[in-house]
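Encoded as structure tokens, the structure appears first; notes follow it.
The values are calculated or read from the model by the stated rules, or taken from the named source; none is laboratory data. No experiment lies behind these values; they were computed from the predicted model shown. Positions of Cβ are backbone-derived with ideal geometry, glycine not excepted, and every protein chain shown enters the neighbour counts.
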Amino acid sequence: MREFSGIPAAPGYAVGPVRQFRRAQVRIQRRSIGPDEVAGERDRFEAAVAHARRELTELRDKLARELGHDEAAILDSQLLMLEDELVWDATLSRIRTQLVNAEAAFAKAIADIVLQFNGLQEQSLRERIADLRDLEDRVQRAFLNETAVAEPPWTEAAVVAARDLVPSETAALDRDLVLGFVTDEGGSTSHVAILARSLGIPAVCGLGGVASQLPAGTTVAVDGNVGRLIAEPDPETRDRLLTLKQQQITVSRKLDYLRDLPAETPDGRRVRMATNIELPVELDEALARGAEGVGLLRTEYLYFQHRDIPSEEDQVKLYTRVVQRLAGRPVVFRTLDVGGDKVSDYLGAKREYNPFLGWRGIRFSLSNLGLFKTQIRAVYRAGAAGPAHLMFPMITGVEELRAALAICEEARAELQREGRPYAADMPVGIMVETPSAAAVADLLARECAFMSIGSNDLIQYTLAMDRGNRRVSYLYRPLHPAILRAIRHVVDAGHAAGIWVGLCGEMGSETRLAEVLLGLGLDEISMHSAALPKIKQVIRWTAFSEARRVVDTLLELATADETDAWLAAYVAERKRSREPGETAS
């Protein structure tokens, strides 16, 4: 039995034989042409693109029938790439100036774009390289009049293993024959991860060469919750994973009734259950799980899926669709958080020696006022379609908040003069993710409409550790006394000022912490949508007074080891005391 760790991309469990998915490589032949052949090569390129467009459109329609239009929209990025002037101009220019055949010119145009993407630290943008490679393969096969994706012939349900899977390959698979996905590349924002979550199929990505080397037929166990792959599991491990899979199905069915019920404690404390999303395609799953709104919409993807700065109209269209899809539920738009691990040269952010302490978040936005105001205007305009909130990341003090609010005032005045519909009274808040913001939360709370705690960065900055550094990852402790005290202080400061306080970090998705977050007095918890039913169930089980006692006890303990141990014992006792069959995990 061998265990491998990857990136948890889609929750769930699977046990079964491996089926390798390998795409036959298309060999590109570079051929010199004469000046009189340029027009013919241009026509061949246009015909190949038209063929690829028809294939993609048919596949998108198939996905729309099976999963819905939002999921099908995941292929729209490739259709847009087919029309991208950068791709067309670069290809046609090489045909004309270098006198090479269309296949070679197109391959070089794609290679140049991939090289630019590879130089970026933003994971979600680098994962779009798979889209480019898929698109290149499809067009090159069109030159040869071949089918881009052939469904592998197998009749037994299996765990699909591959170096990487692109949307068209994932969409073409027979869902009834796929137990899980394991890939060497990709991450939680890759298209295979998004589609796997929509399909309800567990997935582990980022296995670094392990997945594609598994011999076909090898029995594997997949734990998509923690990102673990086990090759040739022993009988005990196999049975445990199969039991967890069945329990997950049972619990999911049992918790379906919670979808339209409030997260309200037996003694009347109500907590709003929201979800964190990056792509509009994730909205349907969130609403199906009972999300009462979006507590964090990361707007970076819109920027990174373009290779230039998206216009105000581009942003208005996307944001408005999100607002309308939520049908009256609130959505919190976080302004661009470029910098740190999210770098894009065309936005003007450069790599830095210590990016997490550098030019990122609100610092970057306030140094790029034109870009910042354009986004703010777009959110205000989208707010005319329904309840929308605006939130600033990486605030460290009142000066930054006031500067950002001044831009909001300018944007509102401009929209008013132009006669455009906009949400004049849209709530504007901040993320509390720096120790300085937590320390002066009482001052910040007087000048904003809400505060949302970004626990991932708050833990990282407060405990002086890089959560991406394996040598210090053991220091990432959500129950560290400093973190609990900081959250309690922020919540108390917000309530004293009469505003609501939420949390939108990974802490919100941990079932074991649900009672702690309830007891800390949060008004909203925003999480991955898959975790929502379990967190809601725990809140509905737990009296607010009991949760307050839990937090009071934890705040008396001196170390993270002590708080972890005490809470583990408390949760175990709570589970034992419940009626048979009642479980949140």
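Six or more apart or on different chains, Cβ under 7 Å: which pairs go from a residue in the stretch 209-222 that's farther than 20 Å from Pro11 by Cα to one that's in a loop (DSSP other than H, G, I, E, B)? Could you list them?
Gly209/Asp184; Ser212/Arg163; Ser212/Asp184; Thr218/Glu232
Going by the structure shown, is Arg477 within 26 Å of Val316 (Cβ to Cβ), surrounded by fewer than 19 Cβ atoms within 10 Å (Cβ to Cβ), assigned by TED's automatic domain parsing to the domain that holds Met527 and in contact (Cβ under 8 Å) with a residue 12 or more places away in the chain? So that I can check it myself, show each step before the final result.
Values: within 26 Å of Val316 (Cβ to Cβ): no; surrounded by fewer than 19 Cβ atoms within 10 Å (Cβ to Cβ): yes; assigned by TED's automatic domain parsing to the domain that holds Met527: yes; in contact (Cβ under 8 Å) with a residue 12 or more places away in the chain: yes.
Taking the combined requirement at face value, the residue does not satisfy it.
Just checking, how many residues over the stretch 435-457 are at pLDDT below 95 and either crowded, with 21+ Cβ neighbours inside 10 Å or over 22 Å from the mean Cα position of the chain (by Cα) (or both)? So that I can check it myself, show each step before the final result.
Filtering the stretch 435-457 for residues at pLDDT below 95 gives 454-457.
If we keep only those that are either crowded, with 21+ Cβ neighbours inside 10 Å or over 22 Å from the mean Cα position of the chain (by Cα) (or both) as well, we get 454-455, 457.
Residues that pass the stated criteria total 3.
List, please: which pairs have Cβ atoms under 9 Å, are six or more places apart or on different chains, and start with a residue in the stretch 227-255 that is closer than 21 Å to Leu214 by Cβ and end with one that is acidic (Asp, Glu) and buried (at least 17 other Cβ atoms within 10 Å of the Cβ)?
Leu229/Asp223; Ile230/Asp223; Leu241/Asp223
Is it fair to say Gly187 is assigned by TED's automatic domain parsing to the domain that holds Arg19, farther than 11 Å from Val159 by Cα and under 26 Å from the mean Cα position of the chain (by Cα)?
On the way: assigned by TED's automatic domain parsing to the domain that holds Arg19: yes; farther than 11 Å from Val159 by Cα: yes; under 26 Å from the mean Cα position of the chain (by Cα): yes.
When the stated conditions are applied, Gly187 passes them.
Within the stretch 474-499, how many residues turn out to be of a type in the set (A, V, I, L, M, F, W, C) and in a loop (DSSP other than H, G, I, E, B)? Show your work before the answer.
The first filter runs over the stretch 474-499 and keeps only residues of a type in the set (A, V, I, L, M, F, W, C), leaving 475, 479, 482-484, 486-487, 490-491, 493, 496-497, 499.
Checking which are in a loop (DSSP other than H, G, I, E, B) leaves us with 479, 497, 499.
Selection size over the stretch 474-499: 3.
Condition first: out of contact with any Leu (no Cβ under 9 Å at 6 or more places or on another chain), exposed (fewer than 13 other Cβ atoms within 10 Å of the Cβ), farther than 30 Å from Glu232 by Cβ and of a type outside the set (Gly, Ala, Ser). Now tell me which residues in the stretch 10-59 satisfy that.
Scanning the stretch 10-59 gives Arg27, Gln29, Arg30, Asp36, Asp43, Arg54, Glu58.
Of Asp43, Asp76, which residue is out of contact with any strand residue (DSSP E or B) (no Cβ under 7 Å at 6 or more places or on another chain), in a helix (DSSP H, G or I) and modelled with pLDDT under 65? First the steps, then the outcome.
Working: Asp43 fails: modelled with pLDDT under 65.
Just a single option satisfies the conditions, and that option is Asp76.
Evaluate the stretch 265-275: report whether one residue or more is farther than 22 Å from Ala543 by Cα, in the same structural domain as Asp523 (by TED's automatic domain parsing) and under 26 Å from the mean Cα position of the chain (by Cα). Full working, then the answer.
Let us first name the residues in the stretch 265-275 that are farther than 22 Å from Ala543 by Cα, namely 275.
Within this subset, residues satisfying the condition of being in the same structural domain as Asp523 (by TED's automatic domain parsing) are 275.
When the remaining residues are screened for being under 26 Å from the mean Cα position of the chain (by Cα), the result is 275.
Yes, the stretch 265-275 contains a residue that is farther than 22 Å from Ala543 by Cα, in the same structural domain as Asp523 (by TED's automatic domain parsing) and under 26 Å from the mean Cα position of the chain (by Cα).
Can you find a residue in the stretch 378-398 that is within 20 Å of the chain's Cα centre (by Cα), modelled with pLDDT under 90 and assigned to a loop (DSSP other than H, G, I, E, B)?
No, the stretch 378-398 contains no residue that is within 20 Å of the chain's Cα centre (by Cα), modelled with pLDDT under 90 and assigned to a loop (DSSP other than H, G, I, E, B).
Which condition does Val440 not pass, out of (1) farther than 22 Å from Arg298 by Cα; (2) out of contact with any Gly (no Cβ under 7 Å at 6 or more places or on another chain), if it passes all the others?
Against the list (1) farther than 22 Å from Arg298 by Cα; (2) out of contact with any Gly (no Cβ under 7 Å at 6 or more places or on another chain), Val440 comes up short only on (2).
For the stretch 388-412: of the residues being of a type in the set (Val, Ile, Thr) and closer than 19 Å to Val490 by Cβ, which is surrounded by the fewest Cβ atoms within 10 Å (Cβ to Cβ)? Break it down stepwise before answering.
Our first condition is that a residue be of a type in the set (Val, Ile, Thr); within the stretch 388-412, this holds for 395-396, 398, 407.
Okay, now just the ones that are also closer than 19 Å to Val490 by Cβ, so 395-396, 398.
On the way: Ile395: 26, Thr396: 19, Val398: 15.
The qualifying residue surrounded by the fewest Cβ atoms within 10 Å (Cβ to Cβ) is Val398.
On the given criteria, is Arg253 out of contact with any strand residue (DSSP E or B) (no Cβ under 9 Å at 6 or more places or on another chain), of a type in the set (Lys, Arg) and at pLDDT below 80?
Numbers: out of contact with any strand residue (DSSP E or B) (no Cβ under 9 Å at 6 or more places or on another chain): yes; of a type in the set (Lys, Arg): yes; at pLDDT below 80: yes.
Yes.
Considering every residue within the stretch 547-569, establish whether at least one is within 24 Å of Asp256 (Cα to Cα), at pLDDT 95 or above and crowded, with 16+ Cβ neighbours inside 10 Å. Break it down into steps so the answer makes sense when it comes.
As a first pass, look at the stretch 547-569 and keep what is within 24 Å of Asp256 (Cα to Cα): none.
Scanning the stretch 547-569, I find no residue that is within 24 Å of Asp256 (Cα to Cα), at pLDDT 95 or above and crowded, with 16+ Cβ neighbours inside 10 Å, so the answer is no.
Could you list, in sequence order, all residues of the stretch 270-289 that are surrounded by fewer than 21 Cβ atoms within 10 Å (Cβ to Cβ) and in a strand (DSSP E or B)?
Arg270, Arg272
Pick from Leu513, Leu532: which is crowded, with 22+ Cβ neighbours inside 10 Å, within 27 Å of the chain's Cα centre (by Cα), over 19 Å from Lys254 (Cβ atoms) and in the same structural domain as Gly454 (by TED's automatic domain parsing)?
Working: Leu532 fails: over 19 Å from Lys254 (Cβ atoms).
On inspection, the qualifying residue turns out to be Leu513.
Just give me the residues in the stretch 480-512 being among the hydrophobic types (A, V, I, L, M, F, W, C) and at pLDDT below 95, in sequence order. Show your work before the answer.
First pass over the stretch 480-512, keeping only residues among the hydrophobic types (A, V, I, L, M, F, W, C): 482-484, 486-487, 490-491, 493, 496-497, 499-501, 503-504, 507.
Correct list: Cys504, Met507.
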